[in-house]
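Structure, as structure tokens:
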Amino acid sequence: TANQEYIFRGIPNDGDYSHTVTAGNDFLTGNPYPSALDAAQFITDNLSVIDGTLYFWEQFTTNNSHILADYQGGHAIYNLMGMGMPATADASGLTSGLGTASIPAPEQYIPVGQGFFVTIQNSGSVVFNNRQRFFARESLGESVFFKTDKKTNKTIEEDIRTKIWFAFTKTDTFTKFIGLGYDSNATYNYDNGYDALSYDQLRNDISWSLNNKALIIQALPEINTKDV
């Protein structure tokens, strides 16, 4: 029938949760609460353990295989610079096609049940707590769920930091975005939480280069006309 009844038994997650992690690994976790999760607060609470960037896997609607090597998808990115980057189509030359990214870039608020990867820099614990919870609606575009196709109970502060997006388009194939942002907490070195490493390997690509690292988001302390 058009309607289906489901029975939920148990208590929705609430309070503190902790996961032991080991340096040198990527850790798959997700929002455990029946409410949105503030990505900025989560990163801040865990910055002594993680590198400060969240990676959201998007499996493109054109994907038609259960074989990992044939997956069509990419990782969307978010960090403390507040520059959400959409997933980029896989350009590995798959015979089944390159895929299409249709979901917008992630926002600050992570919806219920959304998973994401974090890179573990220091062994310790990844923690969740009620301070990270937020009331934000997917229907109003305040949070983005990556598995399928502004009113809040807290004040969303206006972000007045200068941000610049650049796009590299490979004709009729894909568009890759990179970001340049300015924040007084950033430096000209690699800054956890503000600079974001490239996560996907593309045959034709664009990125920032810093200390032999490829970045998707680069954060600098202030605009300087002498920068190249």
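The values are calculated or read from the model by the stated rules, or taken from the named source; none is laboratory data. What you are looking at is a predicted structure, and each value in this text was computed from that prediction instead of being measured. With ideal geometry, Cβ positions are generated from the backbone for all residues, glycine too; neighbour counts draw on all protein chains shown. For accessibility, only protein heavy atoms count, side chains too; no ligands or nucleic acids. Shrake-Rupley method; radii C 1.70, N 1.55, O 1.52, S 1.80 Å.
Look at segment 184-198: where a residue is open to solvent by less than 50 Å² (accessible area, probe 1.4 Å) and a partner is among the polar types (S, T, N, Q), sitting 6+ places away or on another chain with Cβ atoms under 6 Å, you get G193/N79; D195/Q218; A196/T53; A196/N79; S198/S207.
Among the residues of segment 200-225, those that are in a strand (DSSP E or B) and either modelled with pLDDT under 90 or under 18 Å from K163 (Cβ atoms) (or both) comprise W208, L210, L215, I216, I217, Q218, A219, L220.
Whether a residue is assigned to a loop (DSSP other than H, G, I, E, B) and either modelled with pLDDT of 80 or more or under 17 Å from the mean Cα position of the chain (by Cα) (or both) was assessed, and N153 does not pass this test. Here L180 meets the list (1) surrounded by fewer than 17 Cβ atoms within 10 Å (Cβ to Cβ); (2) at pLDDT 95 or above; (3) not in a loop (DSSP other than H, G, I, E, B) almost entirely, failing just condition (1). Looking at this structure, is F60 under 24 Å from G181 (Cα atoms) and open to solvent by less than 10 Å² (accessible area, probe 1.4 Å)? Answer is no for this residue. Looking at T29, T44, just one residue is closer than 30 Å to E158 by Cβ, open to solvent by 50 Å² or more (accessible area, probe 1.4 Å) and under 16 Å from the mean Cα position of the chain (by Cα), and that residue is T44. Just one of the numbered conditions (1) within 28 Å of S48 (Cα to Cα); (2) open to solvent by 30 Å² or more (accessible area, probe 1.4 Å); (3) at pLDDT below 90; (4) not hydrophobic (A, V, I, L, M, F, W, C) is not true of S143: (2).
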